[in-house]
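FYI, it's all coordinate maths here, none of it is from the lab. Model, not experiment: these values are computed from the prediction. Every residue, glycine among them, receives a Cβ derived from its backbone with ideal geometry; neighbour counts consider all protein chains shown.
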There are 2 protein chains.
Amino acid sequence: MRVRNWITDVWRRVSLRNGFEEYDAPIFEYLDLFTIKSGQEIAEQLFSFTDRGGRQLAIRPEITPSLARMVNEKINALPRPIKWFSIPRLCRAENPQRGRLREFFQWNVDVIGSDDVQADAECIFAAVDFLREVGLTPNDVQVRIGSRALTVSVLNAAGVRQVDMDAALAVLDKRPRVSEDEFARLAKAAGLAEDQLAAVTRFQACASVEDIRKLLGDAQDVGGAIESLAGLWRYLQALGAADYCTLDMRIVRGLAYYTGIVYEILDTGETLRAIAGGGRYDNLLQVLGGPNVGATGFGMGDVVLGILLEEKGRIPETVRKRSLEVFIIDVNEGGFEGVLRLAAKLRSLGLCAGYSYKRQSMGRQLKEAGRSGADCVLFVAKMENTFAVEIKNMRIGAQASAGSLEQFVNKTLAEIGAETEVRFPQAGRIVDALFRKLLPE
Amino acid sequence: MRVRNWITDVWRRVSLRNGFEEYDAPIFEYLDLFTIKSGQEIAEQLFSFTDRGGRQLAIRPEITPSLARMVNEKINALPRPIKWFSIPRLCRAENPQRGRLREFFQWNVDVIGSDDVQADAECIFAAVDFLREVGLTPNDVQVRIGSRALTVSVLNAAGVRQVDMDAALAVLDKRPRVSEDEFARLAKAAGLAEDQLAAVTRFQACASVEDIRKLLGDAQDVGGAIESLAGLWRYLQALGAADYCTLDMRIVRGLAYYTGIVYEILDTGETLRAIAGGGRYDNLLQVLGGPNVGATGFGMGDVVLGILLEEKGRIPETVRKRSLEVFIIDVNEGGFEGVLRLAAKLRSLGLCAGYSYKRQSMGRQLKEAGRSGADCVLFVAKMENTFAVEIKNMRIGAQASAGSLEQFVNKTLAEIGAETEVRFPQAGRIVDALFRKLLPE
């Protein structure tokens with residue numbers, strides 16, 4: 001849970017600083033929404049059910065259809081480009097295996113209402129911004145960028161009919177993950193002739209925009225797809241993200257709704273499934289009853305990402321540590337009232353403070369403090385008219401008096417700025433400030 | 001979404017500082033888990049379905065059964081008391097109405113493995129700590145505390161048989177929300193005789209521990225339930241939470257699994273449903289196949305709470321505001337590369353930075369900046385060998401040169417400590433520091 005929260009917190013933080021706003025959608029939708037346009041792969045993986053009203057529903061296996069449905073409803077009220085993100089819980093009825101679970105979380109980042117390749121560049125930059133933040137380097141992962149538009153154009157020119165296109169793309173999507181023999185068998189089954197296969201293989205060998213220009217020429221640049229790739233590359237360079245990116249024309253993506261630039265984020269060791277996948281899906285809103293507006297975005301799941309972060313040792317120790325900052329101990333009969341008063345005060349200032357439910361010896365309470373991982377222990381003793389407080393730095397063992405409870409609460413905490421300055425994310429600072437104030441080394 | 005995130009962020013923050021650790025459970029469970037012990041009210045509100053393997057499943061309508069199931073599995077490995085919280089998405093198939101939606105979020109705070117009433121006090125304190133943090137006062141809301149144990153004891157003494165107990169409690173739970181006539185009708189239907197009703201009504205009129213002691217005496221204090229109430233009250237006073245709490249023996253809670261102290265948080269105007277409800281459920285883990293350990297906790301939904309916060313005007317303006325901090329504008333041909341370089345740099349420092357996808361006039365870009373709500377605008381001009389940067393404070397309109405892009409990025413940002421100090425929650429400070437540095441008023 002701590003690791004999942006760390007990942008989702010960074011997802012949210014990176015999204016916001018890239019100017020995306022968060023949305024959410026219901027956990028289930030009408031079944032139709034998912035089967036209309038996402039293709040067979042998704043339809044086979046649905047947890048679907050019928051409610052008491054006889055409605056056919058399904059737990060969401062992805063959130064893009066919900067996004068399109070919701071944006072369609074408000075399309076005229078929303079200033080464009082619409083830059084939205086979400087971190088939905090998704091369910092897919094597939095066999096659990098390494099990198100795939102039946103239930104998972106997925107970061108979704110989308111720009112709707114812009115045909116400009118800048119939108120694609122900004123989505124990819126957000127992904128790279130995240131990868132950098134969690135310490136994954138260009139040596140660990142690469143965004144492999146292809147073009148569904150150019151792939152379709154090449155297949156078209158090679159004589160693949162429109163009705164066979166989805167099957168051909170589905171086979172090409174599987175190509176990097178199966179043997180060449182298996183791929184040849186699948187391609188044949190999908191009706192791809194040998195010369196068609198050769199044409200697409202030549203295209204997939206292109207490693208740069210120049211290669212593609214040389215192979216296809218301007219005649220085959222349908223809708224400016226080569227120019228889009230070239231522009232995307234320029235923007236990624238200006239954004240300082242190009243070191244994380246590689247052109248790879250084998251990338252076509254499995255979902256049926258993609259139309260333009262497509263990409264997957266893969267570990268460079270290629271031992272794992274894709275960490276993320278995305279691209280342009282210009283027709284989805286229209287198919288779902290909306291206007292003809294451009295859209296692009298990606299999804300990044302938490303499962304494969306979590307495996308990679310674990311393997312590379314990039315999960316910070318502080319994430320795994322239990323986050324108690326102060327443990328409060330009563331040292332004599334009647335001290336417990338002071339423990340409760342101090343705990344309430346420190347918590348209201350944003351400090352994670354704990355104490356033992358058991359009125360037991362100081363030694364046992366200290367052991368509980370140790371197990372809690374607290375940096376700081378406060379000892380409370382009942383005196384005649386007040387409580388006396390002592391402070392102990394559990395990291396170095398030093399201990400000193402902190403005066404009376406009233407002094408500590410009304411004077412010391414105020415002097416270190418705890419009353420005004422400290423809120424949760426900076427809470428650790430109070431402890432350090434307390435040590436500086438009361439336990440100078 | 002912004003309001004929901006604000007509420008869930010405060011829930012999480014308050015839970016952590018009170019020493020609770022977060023957990024989550026699957027969005028669906030075996031149907032049985034919910035029907036075994038939660039009672040009829042929950043069973044009627046389930047979204048249930050059968051998966052391909054023929055398993056009877058249900059989307060979770062509450063998370064406590066999942067908590068009990070999970071803790072049971074690891075009970076011997078977990079140091080007690082087990083202090084856990086969760087913020088699950090829940091679904092109930094009921095008619096949407098004011099304060100009730102089919103899908104909602106609920107803060108769950110539980111202590112398992114302690115029979116001590118301190119655990120109940122700590123849960124209630126966490127709720128009060130939250131109410132204070134969001135600005136709800138004791139005049140707005142009260143935790144109304146009853147005792148399922150004492151209510152059962154009174155019903156027992158009045159001759160209500162064990163088999164009729166659940167029905168009697170269900171009727172008493174409805175009492176505060178229906179007319180006295182309607183209640184009399186329901187009580188009769190549940191088999192409560194007039195003298196039994198009179199006995200329980202006398203008990204429900206008690207407003208303090210002393211009243212209860214006087215009415216029931218020690219003989220009827222089954223399992224020390226009066227002592228528990230008295231202890232709870234002392235702890236709540238030491239924690240400074242008693243001003244948010246009222247004893248109210250009419251509170252019995254609807255769910256079948258409660259056993260001891262129970263409570264609801266209600267708006268003092270009593271125009272809304274309960275904001276939260278909870279109590280002790282000592283038998284649930286055992287019923288679900290685990291050991292006999294004490295457990296207590298509460299759930300607080302986001303729907304009624306959201307209505308109350310809205311009505312009382314307690315949702316901060318900053319929560320509703322779109323959170324863009326810097327908007328970057330190109331002022332001449334070629335300046336856009338500098339815009340992208342600056343955006344990437346500022347975002348990596350944690351600032352929410354945006355720019356226009358359209359290469360359009362400065363005036364139009366400024367308008368977009370205004371719509372974005374950015375506090376700060378940076379203007380970027382392409383010069384011969386570099387980019388020149390100007391800064392504008394959108395709050396007061398002042399504007400000044402910020403030197404070259406290299407100077408700004410390598411020198412100015414470092415001088416204000418942006419490189420080392422600033423991360424997301426403090427990001428707003430960079431803007432202010434920039435103004436102090438470059439635009440002294």
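Run the numbers for B:Glu44 and B:Asn139: contour at 0.36 nm per residue of separation, minus the present Cα-Cα distance, in nm. Walk me through the numbers on the way to the answer.
Values: separation 95, 0.36 × 95 = 34.20 nm, distance 3.54 nm.
Value of the extension gain: 30.7 nm.
Across all C-alpha atoms in the protein assembly as shown, the radius of gyration and Dmax reach 30.7, 96 Å.
Largest mean-square fluctuation among B:Leu186, B:Leu405, B:Leu255, in a Gaussian network model of chain B whose springs join Cα atoms under 10 Å apart, belongs to B:Leu405.
Identify which of B:Thr35, B:Thr259, B:Thr271 has the largest mean-square fluctuation in a Gaussian network model of chain B, with springs joining Cα atoms closer than 10 Å. Most flexible of the set in this elastic network: B:Thr271.
For chain B, with the dipole built from +1 on Lys and Arg beta-carbon atoms and -1 on Asp and Glu ones, taken about the Cα centre, which of B:Leu324, B:Thr64, B:Met165 lies farthest toward the positive end? Projecting each Cα onto the dipole axis, the largest value belongs to B:Leu324.
For B:Lys174 and B:Glu210, what is the calculated FRET efficiency with R₀ set at 25 Å and r taken between the beta-carbons, to the nearest 0.05? Can you show the working numbers first?
Details: r = 28 Å, r/R0 = 1.13.
My answer for the efficiency is 0.35.
3J(HN,Hα) along region A:197-213: 4, 4, 4, 6, 5, 4, 4, 5, 7, 5, 10, 8, 4, 4, 3, 5, 4 Hz, from the Karplus curve 6.51 cos²θ - 1.76 cosθ + 1.60 with θ = phi - 60°, whole Hz, x for Gly and Pro. Between A:Asn332 and B:Glu415, the FRET efficiency estimated from the beta carbon spacing at R0 = 45 angstrom works out to 0.30. Shape of chain B from its Cα gyration tensor (a ≥ b ≥ c, root eigenvalues): rounded if a/c is under 1.5, otherwise prolate when a/b > b/c, or oblate? Here chain B falls in the prolate category. Counting only DSSP H runs of at least 4 residues, each contributing -39500 (n - 2.57), and dividing by the residue count of chain B, the helix-based mean residue ellipticity at 222 nm comes to -11500 deg cm²/dmol. For the options B:Leu172, B:Leu413, B:Leu309, a Gaussian network treatment of chain B with springs between C-alpha atoms closer than 10 Å singles out B:Leu413 as fluctuating the most. Each Cα pair under 8 Å and six or more residues apart adds its separation to the average, and for chain B the resulting relative contact order is 15 percent. For the segment A:18-28, counting C-beta atoms of other chains within 10 Å of every residue's C-beta and taking the mean gives 5. Which of the three applies to region A:23-167, rounded, prolate or oblate, going by the alpha-carbon gyration tensor with a ≥ b ≥ c and a/c under 1.5 meaning rounded? Rounded is the answer for region A:23-167, as its axis ratio a/c remains below 1.5.
How many Cβ atoms of partner chains, on average, are near each residue of A:111-118 if near means within 10 Å of its Cβ? Mind showing how you got there, number by number?
On the way: counts 1, 0, 1, 2, 1, 3, 1, 7.
Mean shielding count: 2.
By count of other Cβ within 10 Å, fewest leading, how are A:Met1, B:Met394, B:Met300 ordered? All intermediate terms of the calculation are to be shown ahead of the outcome.
Working: A:Met1 11, B:Met394 19, B:Met300 24.
Lowest count first: A:Met1, B:Met394, B:Met300.
Which order do A:Lys83, B:Lys411 fall in if you start with the one that has the fewest other Cβ atoms within 10 Å? Write out the running numbers ahead of the final one.
Working: A:Lys83 23, B:Lys411 11.
In order of increasing Cβ crowding within 10 Å: B:Lys411, A:Lys83.
Is any residue of region A:1-32 close enough, with backbone N under 19 Å, to a label point placed 7 angstrom from the Cα of B:Arg395 along the Cα-Cβ axis, and if so, which? Backbone N within reach: none found.
Cβ crowding within 10 Å ranks B:Tyr263, B:Tyr30, B:Tyr281 as B:Tyr30, B:Tyr281, B:Tyr263, fewest other Cβ atoms first.
A simple spin-label model places the labels of B:Glu406 and B:Glu22 4.4 nm from each other, with each point 7 Å out along Cα-to-Cβ.
So which of B:Lys321/B:Lys367; A:Lys367/A:Lys392; A:Lys321/A:Lys345; A:Lys214/B:Lys358 end up more than 21 Å apart by C-alpha?
On the way: B:Lys321/B:Lys367 17 Å; A:Lys367/A:Lys392 14 Å; A:Lys321/A:Lys345 24 Å; A:Lys214/B:Lys358 30 Å.
Correct reply: A:Lys321/A:Lys345; A:Lys214/B:Lys358.
Note on A:Met1 and B:Glu227: the model spin-label points, each 7 Å out from Cα along the C-beta direction, lie 3.2 nm apart.
Express in nm, to one decimal, how much length is gained between B:Arg202 and B:Asn95 on full extension, taking 0.36 nm for each residue of separation and deducting their alpha carbon distance.
Working: separation 107, 0.36 × 107 = 38.52 nm, distance 3.53 nm.
Once the chain is fully extended between B:Arg202 and B:Asn95, it gains 35.0 nm.
With θ taken as phi - 60° and the Karplus curve 6.51 cos²θ - 1.76 cosθ + 1.60 applied, the whole-hertz 3J(HN,Hα) list for region A:341-352 is 4, 5, 4, 4, 5, 5, 4, 5, 7, x, 7, 7 Hz, x standing for glycine and proline.
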